[in-house]
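So the structure is just underneath, and the comments pick up after that.
The values are calculated or read from the model by the stated rules, or taken from the named source; none is laboratory data. A quick note: this is a predicted structure, and the numbers were derived from the prediction, not measured. As a convention, Cβ positions derive from the backbone with ideal geometry for all residues, glycine included, and neighbour counts pool all protein chains shown. In case anyone asks, the SASA skips ligands and DNA or RNA and just uses the protein heavy atoms, side chains included. Shrake-Rupley method; radii C 1.70, N 1.55, O 1.52, S 1.80 Å.
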Amino acid sequence: MPGWRLIVVSEREHGFVDLPEGGSAAVGLGRAPDNDIVIKDDMASRKHAVIERDAEGSFRVRDLKSFNGTYLNERRIKDEPLGPWDAVRVGRTKVFLVERGEAAPPAPVVGAALPPAPGPSAPGAPADGDGPPEANATRTMDVSEGGLLASREVRRVIDDLVRREREEVERETVRRLRDESAPAVLASVDGLVARARRFGSIDGGGDFYDVFTDPGAPGDLLVALGSVSGVGVAACVAACVARHGLRGVVAARAGTPREHVDTARELLARTLHPGSAVSLLLARVTPQGLVRVATTGGTGVAHYHAATEVIEVVRPPARRDEEAPRTVEHDATLKLEDRLLLLSDGAGSLRRPSDQQPLGADRVREAFGAAALDGPKELLAQVAEAFERHAEGAPDRDASAVVVALAR
């Protein structure tokens, strides 16, 4: 039966501790030099936590009343069972329990620390403890030429852990950027109601939405949707630039939605990274229900006519590169109980994993029709559910949608 190993991944140093085979064992973690694993971190207590194995071979992690707490898979704990590849976090250092000979974690590691690339040393060699000599001999950080540096298996595991940690940090950064760069409040005008929602992949991308008023015509409501190519932090920043750029164009000069979209596209072509593809939609809606929408790229428009119960897909959402770059205008008139649904190209780019079928106009119409008589909030929830269902529960992109209706 293979033995057990504790892999230590810290911000500055990495290493491992091999546990003695058979019988009970205890590994102390903390800042004090007499710990089995010395944590060089000012967020760690001198005696922070202990990982214990009983005579039957079961592991537990126990917090030693530390000031900043001990975390198991990012959940603060006092005394909990410990299983293979569980992550014990002490300050900014993580400790993983693995079987010797296992090359990589079986599932993504949850975490928020950002360790750098593995270094040549480990978090310090501890002093001998008070236990049996044979146990203490195995519970030291292995940094010898025959240990960590020569162990391709352990280095491969550490490299994989560091990569996963970095990916998780980037995902969390993207989530925060996406949430904090969205409009804090949607503008409102008398006679109209608008609701917006972003859905799909939580990692985010270059999708954005906005609802605001025109300083030159404060009685009208302006709705913007769009996306910028790319993923991750760069795409989130580019989407924020595109959203505020479109707002700035509207505030700077009078014009139709088509003129504003064309100006914004020209501005973004000079601002964003060369090769960035932009998809934009700008709609102006008056309290009397008059609508003019300018679209470019893969943005989509659908209109539910309550009097005839007909759902008109004015422009189905599509891939950004499937539509001509020219801007197209659409006019419509909203009546009481009508609903106007505006979609970013994320809805058109979504493909069903099993057969790569696009969401398509028919499925947009189906999702729209299921909740057309409900309020805008309920309609958006239905559209988001259809999006998730078409992605078979695992969308690989995000999308934005806005519903506009006359206020009762």
note = Counting only protein heavy atoms and rolling a 1.4 Å probe, one gets per residue an accessible area for region 293-407 in Å² of 42 Å²
inquiry  = Can you give the Rg/Rh ratio of region 296-408, where Rg is from the C-alpha atoms and Rh is the Kirkwood radius?
reply    = 0.96
query = Can you list the lysines whose alpha carbon is less than 28 Å from that of LYS335, not counting same-chain residues fewer than 8 positions off?
reply = LYS377
Alpha-carbon centroids, region 229-285 and region 39-82: separation in whole Å = 50 Å
message = Less than 22 Å apart at the alpha-carbon level, and either on another chain or at least 8 residues along: which lysines does that give for LYS40?
response = LYS65, LYS78, LYS94
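Tell me, what % of the accessible area of region 199-321 is carbon and sulfur with a 1.4 angstrom probe?
Working: 2680 of 4810 Å².
Of the solvent-accessible surface of region 199-321, carbon and sulfur hold 56 percent.
Go through region 68-98 and name the trypsin sites (Lys or Arg not before Pro) that are in a DSSP coil and have 16 or fewer other Cβ atoms within 10 Å of their Cβ.
Numbers: sites: ARG75, ARG76, LYS78, ARG89, ARG92, LYS94; in loops: LYS78, ARG92.
Here the trypsin sites (Lys or Arg not before Pro) that fit, given the DSSP loop and packing criteria, are LYS78.
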query = If we count every other residue with Cβ under 13 angstrom of PRO81's Cβ, Lys/Arg +1 and Asp/Glu -1, where does the sum land?
reply = -1
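Mind checking the alpha-carbon convex hull of region 1-105 and giving the volume per residue in Å³?
On the way: hull volume 9.8 nm³, N = 105.
Taking only Cα atoms, region 1-105 has a hull volume of 94 Å³ per residue.
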message = Could you tell me the extents of region 202-303's C-alpha atoms along the three principal axes, largest first, rounded to whole Å?
response = 40, 28, 18
task = Calculate, axis by axis, the spread of Cα positions in region 245-369 along the three principal axes, and write the results as whole Å, longest axis first.
result = 44, 43, 18
Heavy-atom surface of region 16-73, accessible at 1.4 Å and reported per residue (Å²) = 46 Å²
